[in-house]
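One structure below.
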Amino acid sequence: MRQPISNTSAAAGQGTDPIGVAKTGSASAGLGRRIHVASWPVDIGIALAAFVLLCGRGQTLATGPSAPVTPIKYLVVIFQENHSFDAYFATYPFAANPPGEPAFRPRPGTPSVNGLTRTLIERNPNSLQPFRMDRTRSYRCDQDHGYTAEQRARNGGLMDQFPRFDAQGPTDERQFCRKTPSGQWATVMGYFDGNTVTAYWNYAQHFALSDNNFGTLSGQSTRGALNLTAGDVFGVLCGPKTSVYGEVPECGPPVSSTSTAAPTNGQLGTFVDDTDPYWDVCSTAPTAALTGRNIGDLLTAAGVTWGWFQSGFTRDSAGACSDSHPLEAFDRVVGVDPRTDPLRFQDYVPHHNPFQYFATTANPLHLPPTSVAMVGKTDQAKHLYDITWFWKAAQAGHLPAVSFLKAPAYQNGHPGNSDPLDEQVFLVNTINRLQQLPEWRSMAVILAADDSDGWYDHVMPPIMNRSNTPLDFRCGSRTDGPLRIRPSTTAAGDLSVCEGELRQPHADRPDIDLALHRGQLARRSAGQRDLVRPDRELSRRHVRLLTARHASAFAGSRHGFARGTSQPRRAQAVS
């Protein structure tokens, strides 16, 4: 019988932290092994291709007929916000462990990651040195993560201009935002270790961590979300000039029905900055609309149940998306009563919902499903729901085959409106609940971030297709994902060795074979190559995603799949 999994939370003075994870077997898989292609259930294969893995680096792809122990039937993507790999894993697996903070001690044999070396910490090429931030500084200021600013910070691969181009000051006096005596903002060089991002580090110990995963393009959240769900940021029909590259008209205010067509002049543009969706009555910023197919369209056409579940999606009696929260976990750490904290953040963020930009998948009025049994199927909700419907469906035995989960703003990890402590409360509570479902044995969970927020990371992303516009300096940034959590039999805490990219590939059939050259999602023409997506006509057309049921890692040069036990055990808390 399945062991119960305890939920823990970050509470000051109680010595607890949101780090519950299931224990797993010992690590045994190594790097540099051959890759075995696994078979997947054909109905979910198209969704499992949501993260392209660019393999190579001298390794070969074996095509042996080994079969998975338990086929993956359910995919859950937890899509968080805005942190680079180094911001959360710079010194993994070694934490400072000062008195008064939750201690982290790695398991014997934990592999190292491509993080910050002593040289990079003490003699960094940037004008300021990286520094450790503790739990009391976890609510920190947002950084400049604009399309051009991120490219300038990377400086053509020298990775030495982050304080100059990405650093920003606070927007609230409670945010931690370091400033040098000369007046230079320095927070962009900060990083957390396992004493603060304890849950993340524990998941990395027991499941899988990628230190070689890159955003498809430089820039902000909407671009990351669109690359996840549509594989492209080209195809903008209308939008503000500040957010769109190309000559398209303004959309105007949001509309309440997809029968209201988006304004167009016959040209298409490319997203370069955040702005809210046109078909969403909760949008408050200038709006934008896109044309083309997304992964939702493909899943529906393939008969695969799916849903995007976002916190705060339910409107109140006045028709507004008004649900909000304070930084509850952080408040407790710094001695603030969250019940009386006036600093609150609206749960629902319209520009984090990529499906609302497309008429084919938008739910402008945020209508609920007609019944629990219709969750994941096509009705008035258009597959877009409040996150509470995910748990209602799970309890009723109607879990969709593919689910995207989006935390409320205060728990999504975005600097400026969230922090790692509150973020990890959401992650641990969510993953613990997933582990208690009967579907857990045949479920894959992917945890990833949409962009780096401009935080310092020492690895230059590979440039697959150079863009040449007035906005360009160079392309992509490394995020801390995807971290894969699976009830599998592969090696715990392992690193795989494949370059990953956060995007939905071109795929015109519900099969795990990516067959990128067959894709139907691309919308660019030969004259529209700038600021679109990296060219996929490389040697990746035969790359396949692999099931975690195998002892092998993915492929290529540095990613990892971890093994867990097929039966989750009681979560562990570190005090």
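Worth pointing out:
- Restricted to region 276-289, and to residues there that are buried (at least 24 other Cβ atoms within 10 Å of the Cβ) and either at pLDDT below 95 or not hydroxyl-bearing (Ser, Thr, Tyr) (or both), the residue that is nearest to ASP453 (Cα to Cα) is ASP276.
- Residues of region 213-227 satisfying the condition of being closer than 21 Å to GLY115 by Cα and in contact with a helix residue (DSSP H, G or I) (Cβ under 9 Å, 6 or more places away or on another chain): ASN213, GLY215, THR216, SER218
- Options GLY292, GLY319; residue that is within 28 Å of SER218 (Cα to Cα), surrounded by fewer than 23 Cβ atoms within 10 Å (Cβ to Cβ) and out of contact with any helix residue (DSSP H, G or I) (no Cβ under 7 Å at 6 or more places or on another chain): GLY292
- Residues (of a type in the set (Ser, Thr, Tyr) and touching a Lys or Arg at 6+ places or on another chain (Cβ under 9 Å)) located in region 301-335: THR305, SER311, SER322, SER324
- The criterion of at least 2 residues that are of a type outside the set (S, T, N, Q), at pLDDT below 95 and under 30 Å from GLN168 (Cα atoms) is met, among strands (runs of 3 or more DSSP E) falling completely within region 350-460, by 443-449.
- Residue match in region 248-269 (condition: within 30 Å of GLY115 (Cα to Cα), of a type outside the set (Phe, Trp, Tyr) and in contact with a helix residue (DSSP H, G or I) (Cβ under 9 Å, 6 or more places away or on another chain)): no
- Failed condition for ASP273, given (1) among the charged types (D, E, K, R); (2) in a loop (DSSP other than H, G, I, E, B); (3) modelled with pLDDT of 95 or more: (3)
- Residue in region 140-162 that is within 26 Å of the chain's Cα centre (by Cα), surrounded by fewer than 18 Cβ atoms within 10 Å (Cβ to Cβ) and of a type in the set (Phe, Trp, Tyr) present: no
- Options THR284, THR260, THR314; residue that is assigned to a loop (DSSP other than H, G, I, E, B), closer than 17 Å to THR360 by Cβ and polar (S, T, N, Q): THR260
- Some residue of region 194-211 being in contact with an Asp or Glu (Cβ under 7 Å, 6 or more places away or on another chain), closer than 26 Å to SER467 by Cα and crowded, with 24+ Cβ neighbours inside 10 Å: no
- Residue in region 167-177 that is crowded, with 18+ Cβ neighbours inside 10 Å, out of contact with any Pro (no Cβ under 7 Å at 6 or more places or on another chain) and hydrophobic (A, V, I, L, M, F, W, C) present: yes
- Looking only at residues of region 201-245 that are part of a strand (DSSP E or B), under 15 Å from THR287 (Cα atoms) and in contact (Cβ under 8 Å) with a residue 60 or more places away in the chain, we find that the one that is farthest from the chain's Cα centre (by Cα) is TYR245.
- Matching residues in region 235-274 - criterion: being surrounded by 14 or more Cβ atoms within 10 Å (Cβ to Cβ), of a type in the set (A, V, I, L, M) and over 27 Å from SER467 (Cα atoms): VAL255, ALA262
- Selection from region 108-153 of residues that are in a helix (DSSP H, G or I), hydrophobic (A, V, I, L, M, F, W, C) and in contact (Cβ under 8 Å) with a residue 60 or more places away in the chain: LEU120, ALA149, ALA153
The values are calculated or read from the model by the stated rules, or taken from the named source; none is laboratory data. As the structure is a prediction and not an experimental result, all values here were calculated from the model. For neighbour counting, all protein chains shown are included, and Cβ atoms are generated from backbone atoms with ideal geometry for every residue, glycine included.
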